[in-house]
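Scroll down for the structure; my scribbles are underneath it.
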Amino acid sequence: MDQLRDLLVDDLQDLLHAESQLVQALPKMAKAAKNPKLKEAFEKHLLQTQGHVERLQSAFGLLGEKVQPKPCKGMQGLISEGEETINDNKDEHELASDLALIGAAQKVEHYEISGYGTAHCLARQIGEREVASLLAHTLGEEESADYLLSAISKPLLQEAMVVDSGSGSTTTAKAKTQKA
Ligand SMILES: [Fe+2]
């Protein structure tokens, strides 16, 4: 039992550091996004992420533990890759750069979904129902954010196909105008 509790606290420390890094990274992602819906999605998720930090702080309180982050190397790597994606694609067509950004953001969401899924199972298993409920709430928001990113990417992918297939045509010319 104590071992499961220790595992949970360890996971919460890792998630706290992950979320704190995201609070710093999301404004940069919102700034890099060209599509207004994508920009809005990142801005909305920033507000949610600030709430995720608060829920984790509450979870530490419920467990009688100190609010203490532990370096989350996984999120450090994903954010560093995300920054590379922003830099590498900033001069590309706006559809390509937005789609690359969505890919990087979904990796982050999937990482968080995995982390919260495990922490939620542990909390439920050891009977920490209030902690489990907080984690389930955040897990739901991460899943919704991932779903929203998929929904935003679908029309962008279709538009990118049209641009690609229309090389040399007016479609490309229009796309180039939009880029400029
Ligand atoms: Fe989060």
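Below, the figures for the structure above:
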{"quantity": "Hits in the stretch 132-168 - residues which are of a type in the set (G, A, S), buried (at least 17 other Cβ atoms within 10 Å of the Cβ) and more than 25 Å from L12 (Cα to Cα)", "calculated": "S153, A160"}
{"quantity": "Flag for L62 being touching a residue at least 12 places away in the same chain (Cβ under 8 Å), surrounded by 22 or more Cβ atoms within 10 Å (Cβ to Cβ) and away from the ligand (no atom under 16 Å from the Cβ)", "calculated": "no"}
{"quantity": "Test result for H45, in a helix (DSSP H, G or I), crowded, with 22+ Cβ neighbours inside 10 Å and at pLDDT 95 or above", "calculated": "yes"}
{"quantity": "Scan of the stretch 84-137 for residues that are in a helix (DSSP H, G or I), more than 12 Å from the chain's Cα centre (by Cα), closer than 23 Å to K37 by Cβ and in contact (Cβ under 8 Å) with a residue 24 or more places away in the chain, ordered by number", "calculated": "I86, E94, L95, A96, S97, D98, L99"}
{"quantity": "Those residues of the stretch 25-43 which are touching a residue at least 24 places away in the same chain (Cβ under 8 Å) and away from the ligand (no atom under 12 Å from the Cβ), in sequence order", "calculated": "K28, M29, A32, A33, K34, N35, K37, L38, A41, F42"}
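The values are calculated or read from the model by the stated rules, or taken from the named source; none is laboratory data. The shown structure was predicted, so the numbers you read here are calculated from the model rather than taken from an experiment. Ideal geometry is used to build each Cβ from the backbone, glycine not excepted, and the neighbour counts take in all protein chains shown.
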